[in-house]
Amino acid sequence: MENNRHMRRVRSFVRRPGRLTPAQKRALEQRLPHYQVPADTTDLRDGFERVAPLVVEIGFGNGDALAWMAANEPEKNFVGMEVHEPGVGRLLNRLDAAGLTNVRVIMRDAVDVLSSQVAPASLDEVRIYFPDPWPKKRHHKRRLIQPAFLQKLAAVMRPQGILHLATDWAPYAQWMLEALEQVDAFRIQGDPWSPRPDWRPQTHFERRGLGKGHEIFDIVCRFSAGA
């Protein structure tokens, strides 16, 4: 047992018990089966009835940004990945209320999903907004953005696909740049930061960071196959 614990992969998130509202609980029970990507899916594109550019948001939080993007980019299909039930329930209610049909949901660790449910060269865009910065040095190993994770993304992105990262934690922004520099396939488009693109709404975490006096950092990259 001791050896198994040491072999267990360090995760970038902690499943914190969140209080579900009655509406969120109903959404998980009644609406999740409609929006959820089945666990045996090996190509996320199969979850949609149409062929369209595929955008994945990893860690969508309360889902407000994902719902906004899906409504404002109806020509694209979206898959959101999130492990915290209250946020998923909130998103499901928003999708249902707005009649959005271009979103699917996965409640699993994104690293596991990338390894088993995403076909090579199938993602047109990956968006990761305000991931947990794990500010204490001893926790840096938990940060999602690592060279190994970026290599997993590179294996499933389409040529010239877009990777968009955002954070309000300056040390993590620098960490992201250093990780990207170790993966030649991603070419940073900014200098090195980019203005907030039109496709990204201001998020809950962004507003909270601004309230604390934090600067916002957007990093936009292009994926170059064969680099």
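The values are calculated or read from the model by the stated rules, or taken from the named source; none is laboratory data. Owing to the predicted nature of the structure, the values given are computational and were not obtained by experimental measurement. Every residue, glycine as well, gets a Cβ built from its backbone with ideal geometry; the counts of neighbours run over all protein chains shown.
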Kindly state which helices (runs of 4 or more DSSP H) lie completely within segment 144-227 and contain at least 3 residues that are more than 17 Å from the chain's Cα centre (by Cα).
170-181, 204-211
Every residue in segment 137-151 that is buried (at least 16 other Cβ atoms within 10 Å of the Cβ) and either in contact with a helix residue (DSSP H, G or I) (Cβ under 7 Å, 6 or more places away or on another chain) or modelled with pLDDT of 95 or more (or both), please.
ARG143, LEU144, ILE145, GLN146, PHE149, LEU150
Do the conditions hold for GLU57, that is, is it in contact with a Gly (Cβ under 7 Å, 6 or more places away or on another chain), touching a residue at least 60 places away in the same chain (Cβ under 8 Å), surrounded by fewer than 22 Cβ atoms within 10 Å (Cβ to Cβ) and acidic (Asp, Glu)?
no
Show the residue pairs meeting these rules: Cβ distance below 6 Å; 6+ apart or different chains; first residue within segment 123-147 and more than 20 Å from LEU163 (Cα to Cα); second residue at pLDDT 95 or above and part of a strand (DSSP E or B).
none
From the options ALA179, ALA166, ALA173, ALA155, residue that is buried (at least 17 other Cβ atoms within 10 Å of the Cβ), under 18 Å from VAL56 (Cα atoms) and in contact (Cβ under 8 Å) with a residue 24 or more places away in the chain:
ALA166
Under 7 Å between Cβ atoms, at least 6 apart or on separate chains: pull out the pairs that start in segment 86-107 with a residue that is surrounded by fewer than 24 Cβ atoms within 10 Å (Cβ to Cβ) and end on any residue that is among the acidic types (Asp, Glu) and not in a helix (DSSP H, G or I).
MET107/GLU82
Segment 72-109: number of residues that are closer than 11 Å to LEU28 by Cβ and aliphatic (A, V, I, L, M):
5
Give, as residue ranges, the helices (runs of 4 or more DSSP H) completely inside segment 25-98 that count at least 1 residues that are within 22 Å of GLU125 (Cα to Cα) and among the acidic types (Asp, Glu).
64-72
